[in-house]
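Here is the structure we will look at.
Here, each number is a calculation from the coordinates, and none is a lab measurement. Just so it is clear, the structure is predicted and the values come from calculations on it, not from any experiment. Heads up, the Cβs are rebuilt from the backbone with ideal geometry, glycines too, and the neighbour counts pull from every protein chain shown.
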Amino acid sequence: MILSIESSCDDSAIAITEIETGKLVFHKKISQEIEHSVYGGVVPELAARLHAETLPKILEQTKPYFSQLKAVAVTSSPGLAVTLIEGVTMAKAISIALGIPIIGVNHLVGHIYSLFIEKETTFPLTVLLVSGGHTQVMEVKSLTDIKTVAKSMDDSFGESFDKVAKMMGLGYPGGPLIQELAKDGDRLKYNFTVPLHQSPLIAFSYSGLKNAVRLAVEEAGENKELYKDIAASFEHIATKHLTMKLKKYFKTNPPQRLAIVGGASANLYLRSQIEELLKPYNAELLLSELQYCSDNAAMIGRVALDMYKQGDFSELKELNISPKSQL
Ligand code: KG4
Ligand code: ZN
């Protein structure tokens, strides 16, 4: 079995995956959403302190499996430096104590593999990753053949939801809160500009839209009734930006199979708009199970399973965190 640890942001999670069957025999995640909610976003130092409390508590529950562990895997990149280090230090201690190899896993590859938990991998695949830290399109042919074809020049799709929710004083994470508020709003009430709509670039940008929404929120002042229209119009334009750029990309690279992964792939409006977009191509849409869209250790274990089979281990002394590494 492989024990996997995830602590790249504000979720402490540990999973155990059976090597022969790929079965997930243990998975526990403790989110810090409530603790960060008052600040309207993740406070790195607080997140690190909470990981230091919760990871050992979860690890204790995995003790019955210790004698069967053949490797320990951990998210080592990208993410918050102070939180990545918590998981990596724990993984190194386990590796030394049990005399088993260590596997450093890239968190973004983890999100791609969230599609394949307790399943076989199926490539090739075009992947749209929408999370709190990333917004990018990748062509994935295998574990080691991943090409990024479009990415954000500034903020991410998920982060823009977090910031809009913060502006409205709604809490964190903003994605589900804005989605809920937008349900009863008028998507066409606010005519926000679609980012980069005149640019030939196939890239994403959310900072301008965020600022436009900030002005609308300020203008609404105490009239909170308008918040639902602002939320709905924002969700509409944030999503339209993704679908317009994907459409442009598909002109030269028609999709056969498109996957949406990452925490924000849970967004229902995004899912429906992408389904619409794919209709003329007759392309298959792949989604992770809802519980595996946001950060978790099962997806890290799933990547580790393939890395283990390929003998792709890290040197204990050389495994370091890479907070800014990209795909
Ligand atoms: O993948 P994830 O758990 O963490 C990162 O790797 O960043 O993604 C978290 C992000 C947050 O920004 C959160 O607001 C967003 O995913 N998110 C959503 C929804 N659910 C979560 N964004 C839009 N709509 C949602 N329903
Ligand atoms: Zn993530």
*asked:* Taking θ = phi - 60°, what integer Hz values does the Karplus form 6.51 cos²θ - 1.76 cosθ + 1.60 yield along the stretch 9-19, in sequence order, with x for Gly and Pro?
replied: 9, 10, 10, 9, 9, 9, 10, 10, 10, 7, 5
*In whole Å, largest first, what are the principal axis extents of the Cα atoms in the chain?*
60, 44, 29
*Ellipticity estimate at 222 nm from DSSP helix runs (n ≥ 4, -39,500 (n - 2.57)) divided over the chain, nearest 500*: -12500 deg cm²/dmol
_So for the chain, averaging the separation of alpha carbon pairs under 8 Å that are six or more residues apart and normalising by length, what relative contact order in percent results?_
25
_Cβ-placed point charges (K, R +1; D, E -1), dipole of the chain about Cα centre in debye, nearest 20_ = 700
_Amide H within-cut-off set for Ile103, under 5 Å, with H built and near neighbours excluded_ = Val72, Ala73, Val74, Ser314
*So which GluC sites (Glu not before Pro) in the stretch 246-327 end up in coil per DSSP with only 13 or fewer other C-beta atoms within 10 Å?*
Glu289, Glu315, Glu318
*Radius of gyration and Dmax for the stretch 125-287's Cα atoms, expressed in Å?*
15.6, 52
*DSSP loop trypsin sites (Lys or Arg not before Pro) in the stretch 297-327 with at most 12 other Cβ atoms within 10 Å of their Cβ, which ones?*
Lys317, Lys324
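Determine the relative contact order of the stretch 125-287: mean sequence separation of Cα pairs under 8 Å and six or more apart, normalised by residue count, in whole percent.
Details: 299 pairs, mean separation 43.6, N = 163.
Result for the stretch 125-287 is 27 percent.
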*Tell me which residues come under 5 Å, amide H to amide H, from Phe204 once H is placed; ignore anything under 5 positions away on its chain.*
Lys151, Ser152, Met153
*Tell me, what HN-Hα J-couplings in whole Hz come from the Karplus equation 6.51 cos²θ - 1.76 cosθ + 1.60 at θ = phi - 60° for each residue of the stretch 154-166, using x for Gly and Pro?*
9, 7, 9, 4, x, 4, 5, 5, 4, 6, 5, 5, 5
*Among the GluC sites (Glu not before Pro) within the stretch 164-238, which fall in a DSSP loop and have no more than 13 other Cβ atoms within 10 Å of their own Cβ?*
Glu222
*Report the extension gain between Gln68 and Glu139 in nm, rounded to one decimal, defined as 0.36 nm multiplied by the number of residues separating them, less their alpha carbon distance.*
22.0 nm
